[in-house]
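Throughout, read-outs are computed from the coordinates displayed, never taken from laboratory work. What you see is a predicted model; the values in this text were computed from it and never measured. No Cβ is skipped: glycine too gets one built from the backbone with ideal geometry, and neighbour counts run over all protein chains shown.
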Amino acid sequence: MQTRKQVYLDHSASTPVDPRVVEAMLPYFGEVYGNPSSTHRFGRGAERAIEDARITVADILNCQPTEVVFTSCGTESDNLAIRGAGWSACHRGEPSRLVTSPVEHSAVTNTVNQMGALMGFETAIVPVDKFGSIDSAIFAEVCERGGAVASIIYASNELGTIQDLPLLSRIAHAHDMLLHTDAVQAGGQLDLDVKRLGVDMLSLSAHKFYGPKGVGLLYVKDGVDLAPSQSGGSHEHGMRAGTHNTAFIVGMAKALELAYDENDERLPHFTKMRDQLIQGILDRLSCAELSGHPDRRLPSHASFVLHGIDANALMMHLDMVGVAASSGSACKTGNPEPSDILLGVGYSEDEAKSGLRLSVGLQTTADDISYALDVLETAVAKLNKLTREMAR
Ligand code: PLP
């Protein structure tokens, strides 16, 4: 189908790979192809690149290079943190309860649920307010009963809301619990200094900050006892077996470095585009309510509940006119499921089927925003008309 314009407003789902990142990766597909674990010169070249990448990442996280574990994605990092901490605590005969929130990515939620259902781990969910923020007093109450780890998302993929990690980490530590954070959406935008955040483990994924898909990392504070969930060779200090993906690890480090070098320009741009979207939608769509926190939210992230609108149908309308957006829910055509996150912050089933997430990026322009607002207004009007006609 011929479309007037293509506007990508789904950067929270994935970002394009920065050409400078592609350039940094290229030698590791051809020229430097040795296995980084091999002791000959071919292997040593690849190993050097991986260790340089580790130093680059460690500088940004303000940690030791030995505290960085490279993984295949954010999902794997979350799995390793939760399973590893739970299994280790169990093995030591210490409290192995797992604490999390209702606004986690499924990589955390489903891992915690599986640990509970299949392995008998006790689990607890800290309630959140309508914005998805955790109340520190309630968190403290839940932690009082102890446990292995609390896994709390840094910035919500669906609501954009940012949690107060320094405070939550102090509370978890006061109860001898580890604090893991899924920082996949925060990566490239928010402070990743693990000392300031106070976290024991932190997950990242490169494709959210203009790096390649299929590579991530887990920061693991020195001294944290973590049983590997992928066993085999002794790669990554024994915490994650499997031959390294040299090119992608190099690409992730380059992408992270570029993000934090350029954030003085990137973040004001994201914020400006995001605010134009939020203002425009609230001005033009009477059915729109901003979801997530109004201020403590990701610079690139705008999310809404569009009362009375079926998000699944809206996504199709927008796609047909060239706008890529997300419902924020696990919608599949013909099988619209309400968003667990919107349900988790107290929206009704119908409201949880009407989520809209728009996330801006480096290439987003004011013209893109104004086009998106126009087509959104038209699509919502069409859907409302259809609903009225069907009700007759
Ligand atoms: N955690 C959050 C908050 C995410 O948004 C995502 C991806 O959308 C993930 C984890 C999973 O990351 P990956 O796609 O690298 O597995």
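Counting only GluC sites (Glu not before Pro) that sit in a DSSP loop (anything but H, G, I, E, B) with at most 16 other Cβ atoms within 10 Å, what is the longest stretch of the chain containing none of them?
On the way: sites that count: Glu31, Glu122, Glu144, Glu349.
My reading of the result: 145-348 is the longest stretch.
Quick check on the chain: helices-only [θ] at 222 nm, where DSSP H runs of length 4 and up contribute -39,500 (n - 2.57) each and the sum goes over total residues. Nearest 500, please. All intermediate terms of the calculation are to be shown ahead of the outcome.
Working: 11 runs with 163 residues, N = 392.
That calculation yields -13500 deg cm²/dmol at 222 nm.
Beta bridges from DSSP with both residues in the chain: antiparallel share about 60 percent, rounded to the nearest 5. Amide hydrogen proximity for Val69: with H placed 1.01 Å from N in the peptide plane, the residues at 5 or more positions away or on another chain lying under 5 Å are Leu218, Tyr219, Val220.
Answer rounded, prolate or oblate for segment 317-392, using the Cα gyration tensor with square roots of eigenvalues a ≥ b ≥ c: rounded when a/c is under 1.5, else prolate when a/b is larger than b/c, else oblate. Verdict is oblate for segment 317-392.
Sorted from longest to shortest, the spans of the Cα atoms of the chain along the three principal axes equal 71, 53, 37 Å.
Between helix 106-119 and the chain there is an angle of about 60 degrees, using the helix long axis and the longest principal axis of the Cα atoms. Computed from backbone phi with θ = phi - 60° and the Karplus coefficients 6.51, -1.76 and 1.60, the 3J(HN,Hα) list for segment 214-229 is x, 8, x, 8, 10, 6, 10, 4, 3, x, 6, 8, 10, 6, x, 8 Hz; x is used for glycine and proline. Here the Gaussian network model covers the chain, with springs between Cα atoms less than 10 Å apart; of Ala174, Ala183, Ala255, Ala174 fluctuates the most. For the chain, the longest principal axis of the C-alpha atoms and the axis of helix 246-284 are separated by about 20°.
Have a look at Ser348, Ser359, Ser339 and tell me which one the Gaussian network model of the chain (Cα, springs below 10 Å) gives the largest fluctuation. It is Ser348. Model label points for Asn263 and Asp275, set 7 angstrom from Cα along the Cα-to-Cβ axis, are 1.9 nm apart. Between the amide H of Gly214 and those of His207, distances stay under 5 Å, these residues lying 5 or more places away or on another chain, with hydrogens modeled in the peptide plane.
When the chain is treated as a Gaussian network with alpha carbon springs shorter than 10 Å, the biggest mean-square fluctuation among Ala366, Ala379, Ala58 belongs to Ala366. With 0.36 nm allotted per residue and the present C-alpha distance subtracted, the Arg20-Leu167 stretch has 49.2 nm of extension available.
Ordered by the count of other Cβ atoms within 10 Å of each Cβ, fewest first, Tyr347, Tyr371 give Tyr371, Tyr347. Using a/c under 1.5 as the rounded threshold, could you call segment 1-155 rounded, prolate or oblate? The axes a ≥ b ≥ c are square roots of the C-alpha gyration tensor eigenvalues, and prolate needs a/b larger than b/c, oblate otherwise. Oblate.
Taking segment 29-70 and a reference point 7 angstrom along Cα→Cβ of Ser234, the backbone N atoms nearer than 15 Å belong to 37-39. As a rough footprinting exposure proxy, the listed residues Ile134, Ile278, Ile153 were ranked by other beta carbons within 10 Å of their own, and the order from fewest upward is Ile278, Ile134, Ile153. Principal-axis analysis of the Cα atoms of the chain puts helix 41-61 at an angle of about 60° to the longest axis. Put in line by how crowded their Cβ is, counting other Cβ atoms within 10 Å and starting with the fewest, Arg196, Arg296 read Arg196, Arg296.
Close amide H contacts of Val7 (hydrogens built in the peptide plane, cut-off under 5 Å, sequence separation of 5 or more or a different chain): Val323, Ala324. Enter the Cα centre distance for the pair segment 130-163 and segment 17-69, rounded to the nearest angstrom. Using only Cα atoms to place each centre, the spacing works out to 34 Å.
Beta bridges assigned by DSSP with both partners in segment 129-217 are antiparallel in approximately 35 percent of cases. The residues packed around Ser231, meaning those with a beta-carbon under 15 Å from its beta-carbon, carry a net charge of 0 if Lys and Arg are +1 and Asp and Glu are -1.
Classify segment 158-228 from the C-alpha gyration tensor, please: rounded if a/c falls under 1.5, else prolate or oblate depending on whether a/b exceeds b/c.
Cα axes put segment 158-228 in the oblate bin.
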